[in-house]
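This report concerns only the one structure given below.
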Amino acid sequence: MLLFTCQTRLIMYIERDSRKTMPRKDQQGGSEYLSKCLDLLIYHIVQELPGILGDILSALTNVSGRKHPSTIQAKQLKMCLPMMPVVLHLVTSQVDSFSPKICYTNSYSKFPKIEFLSIMIKRSEIEVFRPQIVTKEFLFNYGILLEFIRSIDSGETILDRAIGQAASEELIKTTLLTFEAVTEHPSLLMTHRLTVEDSIVPPLVSLVHSQNVEWRLFSLRLLSETTSVLLSHKVMGEEKGESLNSNNKLLSLIRDLLLPQYEHVLLAPDPVPMYALRLLVALTEHSPASVR
């Protein structure tokens, strides 16, 4: 049901309608009722997501390292993996808000009907789901998922016989798209920078060496954008020591696991070198010695 909700764009309408307004006194009761209904619906959807992601991780854990999943394992994969787009929908969900007007359909209506103006009065992004979903726990679990993706990409785990090649590739693509949505909001990366560096950056570095050109490019772009944000962030006072240690860890990880094979990345077909150079520039600007 939740997947269908996302596919029919109901999530977008929930976010749009959740914009709070200040109704007139004679309309306040109905407006509060609608607002509470929306809040309950949003709360329910947010509470469902950890279970969905947990089921996906459980299904992948059961087949980790296997090339021939059993019939029961294949059935579990077919039930759980198609729910991954729900995660993507909720993380990427954003709408342009409209200024609503409240009117009654007739004089006997108990609750007001919300009608949105056809002309957009004010453009501002309403983030209803993303701030509640992208937490430390979510990013930690996402890092585990990314490790499974690395295992699938490297051939250590083979899902093709269980769910088909197309579904396997769709899982990888949807997983990478989910983190791409997170990178579009630098504040989320900085809020959870330690979790990002510990759980997400290592498998991303591994995926840069993928034999699949699409995944290699996608991973390099995500790594480049993430590293640029984390290294360029300015910190103040007591945060400096923690930030310095964090940056040193990030630099060491990239220097030890990625730079030794960077020549192959730079010589890859376009546009791979462009993102490789962007990452190199970020590293050089922050610490020239790290790339010597």
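Separation between the residue 75 and residue 191 pseudo-spin-labels, each 7 Å from Cα along Cα→Cβ, expressed in nm?
In this crude spin-label approximation the distance works out to 4.0 nm.
Once you compute Rg and the Kirkwood Rh from C-alpha atoms, what is the Rg to Rh ratio for segment 147-211? Walk me through the numbers on the way to the answer.
Working: Rg = 13.3 Å, Rh = 12.9 Å.
Over the Cα atoms of segment 147-211, Rg/Rh equals 1.03.
In nm, what is the difference between 0.36 nm times the number of residues separating residue 261 and residue 198 and their Cα-Cα distance?
The span from residue 261 to residue 198 would gain 20.5 nm if fully extended.
Could you check the spin-label model distance between residue 156 and residue 47? Points 7 Å from the Cα along Cα→Cβ, value in nm.
For residue 156 paired with residue 47, the spin-label model returns 3.7 nm.
Quote to one decimal, in nm, the extra length available between residue 277 and residue 33 on full extension: 0.36 nm per residue of separation minus the C-alpha distance between them.
Gain in length upon complete extension: 82.5 nm.
We did not get these values from a lab; they are worked out from the coordinates using the rules stated. Treat the numbers as computed from the prediction; the structure is a model and nothing was measured. In this analysis, Cβ positions are derived from the backbone assuming ideal geometry, glycine residues included, and neighbour counts consider all displayed protein chains.
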